[in-house]
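What follows is a short report on a single structure.
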Amino acid sequence: QVQLVESGGGLVQAGGSLRLSCAASGDTMCVSTMAWYRQAPGGEAVAVISGDGSTDYSDSVKGRFTISRDNAKNTLYLQMHSLRPEDTDVYYCNAKTSGQVYPCSALGYANGMEFWGRGTRVTVSS
């Protein structure tokens, strides 16, 4: 129903930068909140962006990472600066749905349904 594909991961030196992307397809009009996780799907929520554009970050990345979305392109981004070796992980794209947008409830979407990408690996060397 909603498909998510991450890209942009790779190997970077400590202090460097990467930009992760998540391309969404399917019933993207039913997507409300999007987020980036690491450790595992449902692990550590690194950054969250709501449908109204408000953002939230984990303490470990606050001030270094920026989450954004381009709704016209159905793409979520995570701009990562000042990377540390402890940032090394697989990063997963997450989307939560809302049934309040017509015709999402008729299509079978309920508030808070979650979809996940398969992840993109980020490796930070010291």
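The values are calculated or read from the model by the stated rules, or taken from the named source; none is laboratory data. Computed from a prediction, not measured in an experiment: that's the story for all the values here. Don't worry about glycine lacking a Cβ; one is built from the backbone with ideal geometry, like all the others, and counts go over all protein chains shown. These accessible areas exclude ligands, DNA and RNA; they are computed on the full protein's heavy atoms, side chains included. Shrake-Rupley method; radii C 1.70, N 1.55, O 1.52, S 1.80 Å.
Once you charge only the Cβ atoms, +1 for Lys and Arg and -1 for Asp and Glu, what is the size of the charge dipole of the chain about its Cα centre, to the nearest 20 debye?
240 debye
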Worksheet item: Using the Kirkwood radius built from alpha carbon pairs, what does the Stokes-Einstein equation give as D for segment 35-126 at 37 °C and 0.692 mPa s, in µm² per second?
Response: 230 µm²/s
Worksheet item: Ranked highest first by average number of other Cβ atoms within 10 Å, how do 51-62, 32-43 line up?
Response: 32-43, 51-62
Fill in: Probe 1.4 Å, protein heavy atoms only - accessible area per residue of segment 1-66 in square angstrom
47 Å²
Worksheet item: When DSSP assigns beta bridges and you keep just the ones with both residues in the chain, what percent turn out antiparallel, to the nearest 5?
Response: 90 percent
Worksheet entry | Computed over the chain: relative contact order in percent, which uses C-alpha pairs under 8 Å that are six or more apart | 34 percent
Item to complete: Using only the alpha carbon atoms of segment 10-65, find the Kirkwood hydrodynamic radius as the inverse mean reciprocal pair distance, in angstroms to one decimal.
Response: 13.1 Å
